[in-house]
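FYI, it's all coordinate maths here, none of it is from the lab. Bear in mind the structure is a predicted one, so any value in this text is a computation, not a measurement. Counting neighbours? That spans all protein chains shown, and the Cβs are built from the backbone with ideal geometry, glycine included.
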Amino acid sequence: MTAAEKYDGFTDEERDAMKERAKELKTAKRRGPRATKADAEGEVLAKIAEMPEADRVLAERIHAIVKADAPDLTPRLWYGMPAYAKNGKVVCFFQSAHKFKSRYATLGFNDPANLDEGTMWPTAYALTTPTAADEARIGDLIKKAAS
């Protein structure tokens with residue numbers, strides 16, 4: 001391993017995501033209790049609009065599914081990615097493939113998601129080009145997660 005290849009803890013993409021999260025926290029603190037769901041949704045839609053086309057199409061579709069199937073979830077940014085929260089806690093999120101130079105985008109679920117099933121269940125799903133059946137399954141997962 002050369003000096004240039006030496007592992008130093010976080011990738012550039014991870015550092016950028018942490019910086020975005022710090023910025024999100026500062027913005028939320030500055031807004032205080034006067035922040036509205038519409039403000040947060042506008043930020044999410046703006047972030048989605050900045051994505052490369054393949055990720056943008058997927059993120060727009062996930063956003064539409066969340067709004068239709070779990071309208072009580074609040075859109076917000078989380079580490080620079082679209083996320084959806086209940087009672088201030090992120091339930092699910094979209095992670096673009098481009099941001100972390102990944103092969104595929106991801107729909108992920110956090111601990112507040114009500115997806116527990118038995119002793120093992122998935123917490124993230126790879127997304128490429130979802131079919132109508134896949135979108136229906138995503139809608140069902142999001143409904144269950146938000147319940």
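Long hydrophobic helices in the chain: none of the complete DSSP H runs spans 27 Å or more by Cα along its own axis with mean Kyte-Doolittle hydropathy of at least -0.5. Overall, the chain carries a charge dipole of about 640 debye about its Cα centre when +1 sits on the Cβ of Lys and Arg and -1 on the Cβ of Asp and Glu, all other atoms neutral.
For a 24 Å ceiling on Cα separation, which of these pairs sit above it: 23/144; 19/47; 26/89; 101/143?
23/144; 101/143
Think of segment 11-146 as having a plus end and a minus end, set by charges on the Cβ of Lys, Arg, Asp and Glu; of 62, 130, 112, 112 sits farthest toward the positive end of this dipole.
Listed values for segment 101-109 are Karplus-derived 3J(HN,Hα) couplings in whole Hz (6.51 cos²θ - 1.76 cosθ + 1.60, θ = phi - 60°), namely 6, 9, 6, 8, 6, 9, 9, x, 10, and x replaces Gly and Pro. In the chain, taking the dipole from charged Cβ atoms about the Cα centre, the farthest positive-side position among 141, 74, 48 is held by 74. Counting neighbouring Cβ atoms within 10 Å and putting the fewest first, the residues 94, 100, 10 line up as 10, 100, 94. Over the C-alpha trace of the chain, radius of gyration and Dmax come out as 16.1, 52 angstrom. From its DSSP helices (H runs of at least four residues, each -39,500 (n - 2.57)), the chain gives a residue-normalised ellipticity at 222 nm of -15000 deg cm²/dmol.
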